[in-house]
Amino acid sequence: MPQAVPSQAKPGAPQATQAQDVQRPPQETGDPEERGFLQESEVPEEQALSQEEEARLQAQARKHEQKVRRSRRTRVVLILVIIVLLAALGGLGYLGHTLLFDSHTEEPVLTDPSKIISTPIEDEKNTDKAVVSATTIPDLSGLFGLDVTEAQAFLGYDYILTKVERAKDEDNSKVEQLAVFVYQPHSSTGAPVGSFTMPSIYLSLDKNGKVIQVLYRSSFEALGYQSASFGSFIQTQDMLFNVLRAAGVTPASSFEFPSVTSEEYTVYVDPEADILRIWKEEYTFAGPSDSGSAPTTWQVKLSYDYGIAGVTLASNNRPDQRLITISLR
């Protein structure tokens, strides 16, 4: 049999190989930016939506955080304001308590009350007859057993409560507080009347806040007295009884009006000096009352004060201060 002769390739013709069966990857063509745009355009729509939702949630989170910070700042400011208000209220409360119950290391004693500043009146007439205006002296005996509020109502609006403080009395251990009232009358226009020492009342209170002692102090002028010598006052029995009657006290039948000499009521600046100068003229009447209840004892002290420099003759000089003091126990 004739044998097949393999065909020989023609010169210049390409030879087929197994590599021809392997497909080559497609060649990328075109501009790189254009290729990127094509890749981005191929992002799924669900992924784009999820990115928008995430951005929205982040914005909401930032807003919520801002609100929380603002709320925290507001709470801090409110707390500070409340603290300041509480501190102010506490300060006002302490100030009120201090004014009402002013306690001191040295407790005041009823027998030595604080002095009331006074200015003598400008016009006085000399007269030998003394007349007391009993209406200006309240019923002091009616104050016993009352508390401060009741005493204020009893005395009326012309008496102003100026002080309530802890106190002690060397002669009465039951005294624990002292309440001070000052007489401040007003005219129809509301202006204070008088320029002399106005009456003042010192009430001693026990542990229950009840009045157990009364001390009353006033100038002669406030009680309607005109100028007169000291001797004429202490020798006038009716004057003493009028004062006690106005205070609601009747002396016991055993009381006898004393006869007093000038040596008993004159106080000199220097008793040993060659020229004697009168500093004060003062005398105290005292005795029991006829009441079976408080007050059981009374004292009325009359005093002319000429100043520490003194005067050589009291009858030719006007005293700096003339006082009447009534003490009921």
- [ ] Output ³J(HN,Hα) for segment 280-297: one whole-Hz value per residue in order, computed from phi by the Karplus curve 6.51 cos²θ - 1.76 cosθ + 1.60 with θ = phi - 60°, and x for Gly and Pro.
- [x] 9, 10, 8, 8, 10, 8, 8, x, x, 9, 8, 7, x, 10, 5, x, 9, 9
- [ ] For residue 294, list long-range residues whose amide hydrogen, built 1.01 Å from N in the peptide plane, is under 5 Å from its own amide hydrogen.
- [x] none
TODO: Note the full-extension length gain between residue 85 and residue 250 as 0.36 nm times their separation in residues minus their Cα-Cα distance, in nm to one decimal.
DONE: 53.8 nm
Task: Packing-based ranking, highest mean first, of 169-182, 257-270, 238-251, 208-221 given that Cβ atoms within 10 Å are counted - done: 208-221, 238-251, 169-182, 257-270
Task: FRET efficiency, residue 272 to residue 315 (Cβ-Cβ, R0 22 Å, nearest 0.05) - done: 0.40
Open item on the list: If you take every residue apart from residue 147 with its C-beta less than 11 Å away from the C-beta of residue 147, what net charge results, scoring Lys and Arg +1 and Asp and Glu -1?
Closed with: -1
TODO: At q = 0.22 Å⁻¹, what is the base-10 log of I(q)/I(0) for segment 55-100 according to the Debye formula with one equal point scatterer per Cα and no solvent? Please give it to two decimals.
DONE: -0.76
Open item on the list: Give me, ordered by chain and number, the residues 5 or more places off residue 307 or on other chains with an amide H under 5 Å from its own placed amide H.
Closed with: 320
Open item on the list: Taking the square root of 5 times each eigenvalue of the Cα gyration tensor, what semi-axes in Å does the equivalent ellipsoid of segment 165-320 have, largest first?
Closed with: 29, 22, 18
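Each value in this text was obtained by applying a stated rule to the coordinates, not by laboratory testing. Computed from a prediction, not measured in an experiment: that's the story for all the values here. Neighbour counts are summed over all protein chains in view; Cβ atoms, including those assigned to glycine, are modelled from backbone coordinates with ideal geometry.
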